[in-house]
1. Consider segment 252-280. How many of its residues are in contact with a strand residue (DSSP E or B) (Cβ under 6 Å, 6 or more places away or on another chain) and at positive phi?
2. Output the residue which, of all residues in segment 69-93 that are more than 7 Å from the ligand (Cβ to nearest atom) and of a type in the set (S, T, Y), is surrounded by the most Cβ atoms within 10 Å (Cβ to Cβ).
3. Could you check, for segment 107-116, whether at least one of its residues is out of contact with any Asp or Glu (no Cβ under 6 Å at 6 or more places or on another chain), of a type in the set (D, E, K, R), within 13 Å of I49 (Cα to Cα) and without any contact (Cβ under 8 Å) to a residue 24 or more places away in the chain?
4. Scan segment 21-63 for residues that are within 16 Å of the ligand (Cβ to nearest atom) and modelled with pLDDT under 90 and report the count.
5. Suppose the filter is surrounded by fewer than 16 Cβ atoms within 10 Å (Cβ to Cβ) and either more than 17 Å from P210 (Cα to Cα) or more than 16 Å from the ligand (Cβ to nearest atom) (or both); does E66 pass it?
6. What is the number of the single condition among (1) within 16 Å of the ligand (Cβ to nearest atom); (2) in contact with a Phe, Trp or Tyr (Cβ under 7 Å, 6 or more places away or on another chain); (3) within 19 Å of P134 (Cβ to Cβ) that E195 does not meet?
7. Scan segment 96-132 for residues that are hydroxyl-bearing (S, T, Y) and within 16 Å of the ligand (Cβ to nearest atom) and jot them down.
8. I need a count of the residues in segment 253-275 that are within 19 Å of T95 (Cα to Cα) and in contact (Cβ under 8 Å) with a residue 24 or more places away in the chain.
Amino acid sequence: LSQLFRPLDLLGMVYRTIRQGVIDMASMFALIDTPAEVTDMPGAAPLAIARGHVRFEGVRFGYDPEREILHGLDLDIPAGSTVAVVGPSGAGKSTLARLMYRFYDVDQGRITIDGQDIRDVQQGSLRAAIGIVPQDTVLFNDTIGYNIGYGREGASQAEIEGAAAGAAIAGFIERQPDGYAARVGERGLKLSGGEKQRVAIARTLLKNPPILILDEATSALDSRTEADILATLQAIERGRTTIVIAHRLSTVVHADQIVVLDGGVVAERGTHGELLRLGGLYAEMWARQAQERDEDDVAGASEGA
Ligand code: ATP
């Protein structure tokens, strides 16, 4: 009889793996573009995570062999610290996150977590250690409770509610007539960009990973929502190694280290204050975005009048 059930067990395992894999990938990257070309080394051990010290050492990488995107990148992210990666569109910011999650392997150099080359460890254990809050969160046609509980299989209702509170979305859910049983989707609750992001934050709180990647939403959140979400994110960053892929510089001021990527190399690195004093690319970007913010404020004020 057990012979009969073994394939069924296997099927169940494959199903669970795919289900977890699909949400992780789909939530951050376009699924169809992501080839499954990375496999575990024979006999790979699980990642032994101590505190989550992440290093990129001389990383070279290109999606195509003829076009290198990262040209020998060094990055040291001490355990528990926050690094913000900024730079022009196409600089390779999201590529860093894809490499950390090991959707692709580096061509040269290495990425380590607590001293272990991520190519030497089991992918499942690597991905379990990394939480991603993506730009666009994929929601299921199911209840809001299910959508949050997805962060960790077997989470209890109390844990789901705790995560919702941590992501500052509990009040919103409790105001729904069906509460956590409220359905999300076409014929149910329609969530705003900010609310969806809070669902992603709640999922990540349930997962409770030592390493966090925040892919900052480019979609326009109004400035009040943006400030609220920022405060929530800063709270969940505490005690975790965090990589923020940032588009708006106003959101990176607090980072321990800001890295300016330009053309696949680190053009500048330092704290906000240091980079402003340097008077280079970051200072230029800061001045430009400050001007845009002022213009928005003026436009907002005249709309409100
Ligand atoms: P943005 O700020 O616009 O999100 P980014 O700095 O995150 O940009 P990446 O997404 O890392 O940039 O892309 C870096 C470069 O790699 C770009 O030139 C992009 O066209 C290229 N690229 C990204 N994904 C792929 C892919 N799957 N195949 C081939 N080239 C890709």
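The values are calculated or read from the model by the stated rules, or taken from the named source; none is laboratory data. Note that the coordinates shown come from a computational prediction; the quantities given were computed from them, not determined experimentally. Neighbour counts run over all protein chains shown; Cβ positions are idealised from the backbone, glycine included.
1. 1
2. Taking the candidates together, the pick is T82.
3. Taking segment 107-116 and keeping what is out of contact with any Asp or Glu (no Cβ under 6 Å at 6 or more places or on another chain), we get 107-108, 111-116.
Going one step further and asking which of them are of a type in the set (D, E, K, R), we end up with 107, 114.
Add one more test, that the residue is within 13 Å of I49 (Cα to Cα), and what stays is 114.
Checking the rest, the ones that are also without any contact (Cβ under 8 Å) to a residue 24 or more places away in the chain come to none.
No: zero hits.
4. Taking segment 21-63 first, the residues within 16 Å of the ligand (Cβ to nearest atom) are 25-38, 56, 59-63.
Narrowing the set further to residues that are modelled with pLDDT under 90 leaves 25-38.
Here the count works out to 14.
5. On the way: surrounded by fewer than 16 Cβ atoms within 10 Å (Cβ to Cβ): yes; either more than 17 Å from P210 (Cα to Cα) or more than 16 Å from the ligand (Cβ to nearest atom) (or both): yes.
It is true that E66 is surrounded by fewer than 16 Cβ atoms within 10 Å (Cβ to Cβ) and either more than 17 Å from P210 (Cα to Cα) or more than 16 Å from the ligand (Cβ to nearest atom) (or both).
6. (1)
7. At the first step, the residues of segment 96-132 found to be hydroxyl-bearing (S, T, Y) are 101, 104, 112, 125.
Correct list: Y101, Y104.
8. Of segment 253-275, the ones within 19 Å of T95 (Cα to Cα) are 257-269.
Those still in the list that are in contact (Cβ under 8 Å) with a residue 24 or more places away in the chain too: 257-267.
Number of matching residues: 11.
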